[in-house]
Amino acid sequence: MSVVAPSHYASHPPGREVRRVFLHCSASDGEGSPYEGEALVRTVRAWHLARGWSDVGYHYLIDHGGRTMTGRPLGRIPAAQRGHNTGSVAIMVHDGRTTFPPPALDACRALCGAIDAHHGGRVTFHGHREVDPRKTCPVFDYRALLGLDSGGRMPAADDVPAPVPPPKPRLPMDHDDHREVAEVIDEDAWSIEALAIPIDTPLGRTLHARRERSLAIARQIAAL
Ligand SMILES: [Zn+2]
């Protein structure tokens, strides 16, 4: 076990078929040293050994501070989702007494992104609760965190919307331009008036309000 970067996955690929990644949270309400860094792996490993398992069930464990630790070697199938372990990678995020802190969620997203990239977007991401209706695990909104589609896929890198181009610079207007615009608006306001719609009708009130607004804009522009 060791604290690793998201690139760990690509440098230690499982060497077996991986189709799904399952997310878990720990059932502990603990915080403090037994649940931080490599001690977290020792703590969870002890729980799992007490169940008679050969090792900690998860491949990665993430603590409150966002440290990612390795657990079970990736080459072995996890012991994490009963009946759904084959073809999977299992990640656990420690929850503790408080809500999941941003560093832990950021680390989870970064690790999942690295796994997704390694598999060229051909893996899907799921919560434990999707395959075990008795579970609420994980209790954070992993769908929103990872931007999953209905099939559990992370958005492809080229799905990311292109940055909005900066607005075109406006042509500088000189005083004559201002007056011209003001006149057009002013004329527009008066042409509404020229329709001679009675003011005490809904349409008349709407047009009157619009005319007043247009005239106010025209006055503002003329004053520039
Ligand atoms: Zn779980």
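The values are calculated or read from the model by the stated rules, or taken from the named source; none is laboratory data. Given the structure is predicted, the values throughout are model-derived calculations rather than measurements. Neighbour counts run over all protein chains shown; Cβ positions are idealised from the backbone, glycine included.
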**Asked** Would it be correct to say that Ala90 is closer than 16 Å to Arg19 by Cα and hydrophobic (A, V, I, L, M, F, W, C)?
**Response** yes
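With the structure loaded, tell me whether Glu17 is within 28 Å of the chain's Cα centre (by Cα), part of a helix (DSSP H, G or I) and in the same structural domain as His128 (by TED's automatic domain parsing) or whether it fails that test.
no
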**Asked** If you take the residues of segment 28-71 that are in contact with a strand residue (DSSP E or B) (Cβ under 8 Å, 6 or more places away or on another chain) and part of a helix (DSSP H, G or I), which of them is surrounded by the fewest Cβ atoms within 10 Å (Cβ to Cβ)?
**Response** Glu38
**Hey, His59 away from the ligand (no atom under 16 Å from the Cβ), assigned by TED's automatic domain parsing to the domain that holds Cys137, at pLDDT 95 or above and under 19 Å from Gly113 (Cα atoms) or not** = no
**Request:** Could you give me the residue pairs with C-beta distances under 6 Å whose first residue belongs to segment 8-27 and is within 15 Å of Arg122 (Cα to Cα), whose second residue is part of a helix (DSSP H, G or I) and within 16 Å of the ligand (Cβ to nearest atom) wherever it lies, and which are 6+ apart or on separate chains?
**Result:** Phe22/His128
**Prompt:** So which residues in segment 111-130 are within 16 Å of the ligand (Cβ to nearest atom), of a type outside the set (D, E, K, R) and under 14 Å from Ser150 (Cα atoms)?
**Reply:** Phe125, His126, Gly127
**Complete:** The correct count of residues that are touching a residue at least 12 places away in the same chain (Cβ under 8 Å), within 13 Å of the ligand (Cβ to nearest atom) and more than 14 Å from His94 (Cβ to Cβ) in segment 131-145 is 3
